[in-house]
Amino acid sequence: MYTGRYYRTWVSRGRLCRFRIVRHESDIEIAAEYDLSIKACEALHSIRRELEDYASSHSEFLGSLSPVHVGPESPLMIRRMSAASRAWGVGPMAAVAGAVASGVGRALTRWTDTVIVENGGDIYIRSRETVNCVLFAGEGSPFTGRVGFSVDAPDGKGVCTSSGTVGHSRSFGRADAVTVIADDCAEADAAATAIANRIKDPSDLEEQLENIPGLDRIEGVIACCDGLLVSRGVRLLRMAGREEV
């Protein structure tokens, strides 16, 4: 969610092909086995058109800060966003970046076994090999570029981050970063938002990560505020700063 997105320079070139696609508010960085930029553009166009068409006749879906009921005839992406928002008690748009990343990534798996789609800090990963990620919690955080974690995602997973101090996304908390790993990318996005909303002070970290309803629905979470970091279900890695992923 950081508009500068300089964290993209940390990504290892490796053996994957990297490319970027942009459409309206969506600015997406992708790594795959081949240059699938045209396929990715087609997928993003289809996903955004689906969302925009639905929102044009359901304005509450865009603006609500609480879950919104959608019918079974609604597009799959809309239903996924709605289900994720219900699970975590947030508005459906809290899951949009993760849902878009997942939609593009899943579309590309027809042509590549490995795909990593990053949409403003919300990431869909599918890889036969373990992927190492690095935490970004703002330029002033002592954990930025120095704390990492591993993700195993042979069938696809979401790694999504919410912040009350970085970027322009709405948050009711003060967490520098809350990063959630989950099987469903839209749910990881909604969960990160919900947890970040509850962290007003570093003293909230332990309690929220122990007691927030729904923690059994996700694989792991890392949360930091000021100089304190707490994690659950994640194997942390020590990085040297601005480490490549």
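The values are calculated or read from the model by the stated rules, or taken from the named source; none is laboratory data. This is a predicted model, so every value here is computed, not measured. Cβ atoms come from the backbone with ideal geometry, glycine included; neighbour counts cover every protein chain shown.
Filtered by the rule that a residue be among the small types (Gly, Ala, Ser) and either at pLDDT below 95 or in a helix (DSSP H, G or I) (or both), the stretch 178-193 gives 186, 188, 190, 191, 192.
In this structure, does residue 175 turn out to be part of a loop (DSSP other than H, G, I, E, B), more than 18 Å from the chain's Cα centre (by Cα), closer than 18 Å to residue 147 by Cβ and touching a residue at least 40 places away in the same chain (Cβ under 8 Å)? In short, no.
Taking every residue in the stretch 185-210 that is on the phi > 0 side of the Ramachandran plot and buried (at least 23 other Cβ atoms within 10 Å of the Cβ) and pairing it with any residue that is assigned to a loop (DSSP other than H, G, I, E, B) and modelled with pLDDT under 95, at least 6 positions away or on another chain, yields no pair with a Cβ-Cβ distance below 6 Å. The number of residues in the stretch 125-166 being surrounded by fewer than 17 Cβ atoms within 10 Å (Cβ to Cβ) and on the phi > 0 side of the Ramachandran plot comes to 1. For the stretch 130-151, the criterion of being of a type in the set (Lys, Arg) and under 20 Å from residue 21 (Cα atoms) is met by none of the residues. Among the residues here, residue 141 does not qualify as in contact with a Gly (Cβ under 9 Å, 6 or more places away or on another chain), polar (S, T, N, Q) and not in a loop (DSSP other than H, G, I, E, B).
In the stretch 144-172, the qualifying residues are those that are assigned to a loop (DSSP other than H, G, I, E, B) and closer than 17 Å to residue 231 by Cβ, and the one that is farthest from the chain's Cα centre (by Cα) is 146.
On inspection, residue 88 does not qualify as in contact (Cβ under 8 Å) with a residue 60 or more places away in the chain, of a type in the set (Phe, Trp, Tyr) and more than 22 Å from residue 182 (Cβ to Cβ). Taken over the stretch 67-78, the criterion of being over 19 Å from the mean Cα position of the chain (by Cα), more than 18 Å from residue 103 (Cβ to Cβ) and touching a residue at least 24 places away in the same chain (Cβ under 8 Å) is satisfied by 68 alone.
Filter the helices (runs of 4 or more DSSP H) completely within the stretch 24-122 down to those with at least 2 residues that are surrounded by 16 or more Cβ atoms within 10 Å (Cβ to Cβ), small (Gly, Ala, Ser) and touching a strand residue (DSSP E or B) at 6+ places or on another chain (Cβ under 8 Å).
Of the helices (runs of 4 or more DSSP H) lying wholly inside the stretch 24-122, those with at least 2 residues that are surrounded by 16 or more Cβ atoms within 10 Å (Cβ to Cβ), small (Gly, Ala, Ser) and touching a strand residue (DSSP E or B) at 6+ places or on another chain (Cβ under 8 Å) span 96-108.
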